[in-house]
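Asker: I have a structure here, written as structure tokens, and I will follow up with some questions on it.
The values are calculated or read from the model by the stated rules, or taken from the named source; none is laboratory data. In this text the structure is predicted, and so the values were computed from the model without any measurement. Cβ placement follows ideal geometry from the backbone for every residue including glycine, while neighbour counts extend to all protein chains displayed. What goes into the accessible areas is simple: the full protein's heavy atoms, side chains included, and nothing from ligands, DNA or RNA. Shrake-Rupley method; radii C 1.70, N 1.55, O 1.52, S 1.80 Å.
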Amino acid sequence: MAETREAEQSQISDPDGEELMEKNAPGDSKNSMLIASDSFENIDIDCVEEFEIKKHKGGLIHQIVKQTSKEEQDEVAKENDDQNSAKSDLSIGEDSSEDQGEIFETKDIAEALDETLNPGNGPISSHITDEDVNSPEWRSQRKHIFIFSDSGKPVYSRYGNEDKLVTLFGVMQALVSFIQVSGDVIRSIIAGEHRFVFLIREHLILVGVSNGTDSTQQVLMQLTYLYNQVLSVLTSTSLQKIYKQRRNYDLRRQLSGAEKFLDSLLNMMETEPGFLLGAVRCLPLESTVRDMIAQSIVQHAKVKDLVFTLMIANSQLVTLVRMKKYYLHPMDLHIIINLINAAESFKAAESWTPICLPKFDSSGFLQAHISYLDEDCQTCLILLTVDRESFFTLSECKNRIQERLVKYNGLQAISDSLRKNSYSIQDCKISDLRHFLYKSKSTAQYTSPELEAPYLTQPEQERLFGLYQFLHQRIHSLSRPLKILYHVGPYETLLGWVTQGFELYAVFGPLVTKPLAINAINKLLAYIKREENRLFILNSVTF
Amino acid sequence: MATSEEGTFYIELCKKPIRFDPVSKATNVFYDDSNKQVFAVRSGGAMGVVVKGPEDKNIISFRIEDRGDVTSIKFSPDKKILAIQRSQKSVEFINFQEDLTTDQLEYSQTCKGRATIIKGFIWTNNSEIVFITDHGIEVYQVNPEKKTLKNLKSLNITVIWYVWMNRPDGGLLLLSTGSQGNSLQPIYFTFGSQNRLPKFEVDLPSFPKQIKQMLQERDVSIAAIYGQLYIVVLRHQPRPGATGAEIVLYQIQANKDSPAKKTNILKLEMSGRFAINIVDNLVFVHHQASKTTVMFDIRLNGESDGYCLANYPVVSPLPIRPFKLLMPSLNLQGQEKTEYNCELYSANWIVFQPDVIIDAKLGCLWYVELKLEVLVNMIPDKCKLIKFLLQRGNSKSVILSVCRHMLLPGQQAPLMVISRVYDMLNKVYKLFLDSEVQALASDIYHRQERTSRCVIIDQSDMYSNVFSIFEDNKDIPYKFRVAVLIEYIRSLSQQDIPVQHYLYELVINILVHNNCFYQLHQFLQYHVLSDSKPLACLMLSLESVYPPAHQLALDMLKRLSTANEEIIEVLLSKQQLLPVLRFIRSVGITDTVSARKFLEAAMNTEDNRVFYTVFKFFEQRNSRLRSNPRFQPGEHCEQYVRHFESLFGTDALAPIPAPT
């Protein structure tokens, strides 16, 4: 009947009787350790800035190093050659140092790790199959990602063998350069159900082809992540240097072994709303326990040049201690999480690996000391430093922290929290509310309950993620950003609400009414406010 | 007579005239127009008096003593007292029993004053008689037991002549006074009282160098037309130089204080001897010289000059249909009868109001009748025709036939004309419906006279008599059929008459048979066809040929707001679980519906998401009603609970709140 349309969309301008109470955003913090990120709206601009940063050669890492260890600098440079396992092009932002002529022969860490993991496997990753453009399987993939150099050399394809797709890469490169000739930039092509999104960076072109629920903006965000993932392995400095020397260089040689990071990043982005929101999820912990863990780190890891210390459990942030003045961007944090998720080898032993955090400083590497604190390999401690020599110092720190956490039951609390399955939507005691995502903007953290009935099966969970993508995209639409969106779909009602302090995406049963939904949202905010100390890290701890 | 000529006579004399003894030397014939009785008095009554009424049964036969020539003879309205006038001074009375036998004892009443002459008498009710004398009127109360009369009232006024008209509640007496007899005094008798209405003057034509002619009795009559009383005055020569005669109608005003008003002038455009009849609110003027009759309808063809309407004949003057009388043959032996062609417009004719023609020589009394069927072909303008027919008493079948013919191919009337005709029909129909409502409100008072007045063409008449030709005659293009029906519906709606659903059904069927679904859709969407349950059901049945009909039907049911059950069933049959739940919530029957029905339908969709939603909906309802989300055993929902658990696990069931 006309009165009950299948889907209705409206912006709540004057909700009758009920009003959304825009109080202080729960989980708000003036003192955050992550850079508050809004959403992906400004990705493009971000990237432009990035190039500018690169131009003034000296990044943050350079700055830190300069401040702390001027006298050691020469030594560091000298030792570069000796360290083969850690990559030699840790040039600390100085690409003028031409002392490593053979950079291309140095073994990539990723490759090295890969070899230790799958000894039988060659450098060619397992995902390369014989699928090509003509295979129906290949064609029916929901999302394709292609990376190639601006001369059209294939770098990465999510599905299929790049060599077999070489003509396709050629076409894409032709499209890009054809548009570029007229002084314009190709952004996206929409053909039927498919959208082709182009991200053009210096030397590299990334293309995403999706027939799923993601919007152009969302695909662009994913491409940016992938680009950052590439940088985290290479740094922008070396990327530039490579192409400066040989325009036609096959970057796969540098990246072989890193494909799995790209793969795992892609898979993560399809299920993890943190990427969508530009926020990380924290492990729910009592604030006293969290403080204790943070204090343990502060007291036992007072090491010069230690920039960030993170503890991550099951992709959730336990705590982060940072050097005063320096902040971690959620995008970089996601890269770190992806690193430890993708590489099983860290579970075997303490590791020492260079990593570039593109948002922090894309021009150089930080050194990461990665280790698991418990036997189940759930709690991971990451120490990030600019000092390439401090492995053993940090290893000691790690032991002291571990000791202390065992003593004060810190690890126990973490594994308890992991076992407890976060929290259930029923804890909120709001009928008809099925699921929600709540992001505190100031802390760049988000929280959401467990996936429960009716989202028990894989397809249903994917559908739910699609709903969030839809809601997010509608609200952050560039042409018409919304503050509130109430959408009645065939199976659920969605409500998205963005304020200065938070973003909230809620999924209700389809029969909920507007006043009921608003009431539920207000109750939910009260619930989050009550739980905010547990769900969020509100205090930023510094060395 | 050739059948082709049949069509040219629209005025007839009734088939069975009342026969009486013709006037002869021995026989006098009287007609009492109050009781509509013909008196044949043989030899002053000694040889017998035969009285015939409008019904053949009422033949009264009796004898009276012959005491001279009878000048007037009339029964009282209840036929119990017979009044006979034989002299200019007195009136005699004879009482009648129930069995119409007389006691033969006459009693008499003389008028007052020695020089007074009784011009006539009238019965104003069963026991009240009024003598009209040249000096005025005298009202007497008759007491048949005592055989005496008592003078109730007298009125002194010089009377030249008088005209009386009997009315159900009394009657109107019109007295002519003044030197020219043109000053008329109407007096209305009702229930034993007399109302003197204001005197008025009839303007006489003035001719230079000539004495004004007196207003003659024969030129004046009283007529009831369309429920109003009129004084009908025939003017032979209205103005110097004018040729045609005319008839002037003076309307007696409802307001007792205002004099009768000249309202209509009927243009005869002929001269000579005229006689007037009123049939079915029409004025019939018989013209002897041309042997034709003209018909006027004062509501038709009027031209106003600011004061009164000038009316022209409805159709051209035409003669009365020849009348044949079967007479016992004089020449032939036996009982053979021969046909005798009556002379029409003969000098022997006497015309009485309202519709009586008597041929005294022939011994016939006819009623004048109007043949509408014939007239139909004489008025080509359909609007005028319908307007005319609607005013007639017995025109229903004629109107229906006219309407039917307007739709036939070949005789098709333009849509605009059809539309105006329907408007006229429905205006009358609406007035009737309103009066019905009023009558119901104020009991049955006034009812009979209202319903008898006008011709009602209602929707079922139209459906079964007019629109039925769509079925019989397949040559009519469907567009025209739809247009005609829509015009009719439009006309009904304009008069705020609820349209019967069979008309809609007809429209829909025509549209469906011709695949005009889009037009149908528009009609429904813009409420040209108004909502009803049968119509909604019809739409539902059309879903297979036109899918949007389903939604149209649902919308209609919703607007009706009395069809909640139907809506639920329709939606459930379509597995529209979410809409149906929204619907029951919106109409506030969530707490009363049976959960089982909905859960069953949800399970049948085999869509777990839908089943989850429906299940949760009823869990919430249970919580609200009983503060426990579980279903009660009486609801028989166990299998659905099991199904839910198998899909989503027991944890997904709403927790039972801890008892407080």
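Asker: Cα-Cα over 26 Å: which of B:K79/B:K146; A:K325/A:K407; B:K16/B:K361?
Answerer: A:K325/A:K407
Asker: Still on this structure: Counting pairs of alpha carbon atoms under 8 Å apart in space and at least six apart in sequence, what relative contact order in percent does segment B:529-660 give?
Answerer: 15 percent
Asker: Also, quick follow-up: Measure off 7 Å from each Cα along the Cα-to-Cβ vector at A:L175 and B:T650, then give the distance between these two points in nanometres to one decimal.
Answerer: Placing both labels 7 Å beyond Cα along the Cβ direction yields 5.5 nm.
Asker: Please give every one of the lysines within straight-line cross-link reach of B:K474, meaning a C-alpha to C-alpha distance under 27 Å, and leave out same-chain neighbours fewer than 8 residues apart.
Answerer: B:K382, B:K396
Asker: Tell me the trypsin sites (Lys or Arg not before Pro) within segment A:419-453 that lie in a loop according to DSSP and have at most 12 other beta-carbon atoms within 10 Å.
Answerer: A:K420, A:K429
Asker: Which of the lysines could a cross-linker bridge to A:K483, judged by Cα under 27 Å and excluding same-chain residues fewer than eight apart?
Answerer: Candidates past the 8-residue exclusion: A:K23, A:K30, A:K429, A:K439, A:K441, A:K514, A:K523, A:K529.
Asker: Find the sum over both chains of the accessible area lost when B and A are paired, probe 1.4 Å, and report it in Å² to the nearest 100.
Answerer: Rounded to the nearest hundred, the buried surface is 2000 Å².
Asker: May I ask you to list, by number, the DSSP H helices of chain B whose Cα span along the axis is at least 20 Å and whose average Kyte-Doolittle hydropathy reaches 0.0 or more? Intermediate results must be reported in sequence, preceding the final value.
Answerer: Working: long enough: B:415-441 (38 Å, 0.61); B:478-494 (23 Å, 0.32); B:608-626 (26 Å, -0.81).
Result, helices passing both filters: B:415-441, B:478-494.
Asker: What number, in percent, do you get for the relative contact order of segment A:285-420 if the mean sequence gap of Cα pairs under 8 Å and at least 6 apart is divided by its residue count?
Answerer: Computed over segment A:285-420, the figure is 29 percent.
Asker: Moving on to the next point. Answer rounded, prolate or oblate for segment A:440-509, using the Cα gyration tensor with square roots of eigenvalues a ≥ b ≥ c: rounded when a/c is under 1.5, else prolate when a/b is larger than b/c, else oblate.
Answerer: Since a/c reaches 1.5 but b/c is at least a/b, the shape of segment A:440-509 is classed as oblate.
Asker: Just to confirm the filter: which chymotrypsin sites (Phe, Trp or Tyr not before Pro) across segment A:269-366 are DSSP coil and have at most 11 other Cβ within 10 angstrom of their Cβ?
Answerer: Those that pass, being in a loop and sparsely packed, number zero.
Asker: If you don't mind, another one. With a 1.4 Å probe and every protein chain left in place, work out the accessible area per residue of segment B:138-209 in Å², rounded to a whole number.
Answerer: 49 Å²
Asker: Additional query: Counting only C-alpha contacts under 8 Å and six or more residues apart, can you give the relative contact order of chain B as a whole percent?
Answerer: Relative contact order, chain B: 7 percent.
Asker: Normalise the Cα radius of gyration of chain B by 2.2 N^0.38 Å (N = residues in it) and let me know the number.
Answerer: That ratio works out to 1.45.
Asker: What average number of partner chain Cβ atoms lie no more than 10 Å from the Cβ of the residues making up B:602-612?
Answerer: 3
Asker: Given the pairs B:K15/B:K36; B:K427/B:K533; B:K262/B:K430, which are separated by over 23 angstrom at their Cα positions?
Answerer: Correct reply: B:K427/B:K533; B:K262/B:K430.
Asker: Could you work out the mean count of beta carbons from other protein chains within 10 Å of each residue's beta carbon in B:613-622?
Answerer: So the per-residue partner count for this stretch is 3.
Asker: Across peptide A:508-520, what mean number of C-beta atoms from other chains lies inside 10 Å of a residue's C-beta?
Answerer: Mean partner-chain Cβ count within 10 Å for A:508-520: 2.
Asker: Past 30 Å, Cα to Cα: identify those pairs from A:K260/A:K304; A:K244/A:K398; B:K119/B:K199; B:K74/B:K199, in the order given.
Answerer: As for pairs spanning more than 30 Å Cα to Cα, those are A:K260/A:K304; A:K244/A:K398.
Asker: So how far, in whole Å, is the C-alpha centre of segment A:365-434 from the one of segment A:507-543?
Answerer: Distance between centres, Cα-based: 25 Å.
Asker: Among the GluC sites (Glu not before Pro) in segment B:600-660, which ones are in a DSSP loop with at most 14 other Cβ atoms within 10 Å of the Cβ? Mind listing them? Let's see the in-between values first.
Answerer: Details: sites: B:E600, B:E606, B:E619, B:E635, B:E638, B:E645; in loops: B:E606.
Answer by residue number: B:E606.
Asker: Also: Output the antiparallel fraction of DSSP beta bridges having both residues in segment B:261-328, as a percent to the nearest 5.
Answerer: In segment B:261-328, approximately 85 percent of DSSP beta bridges are antiparallel ones.
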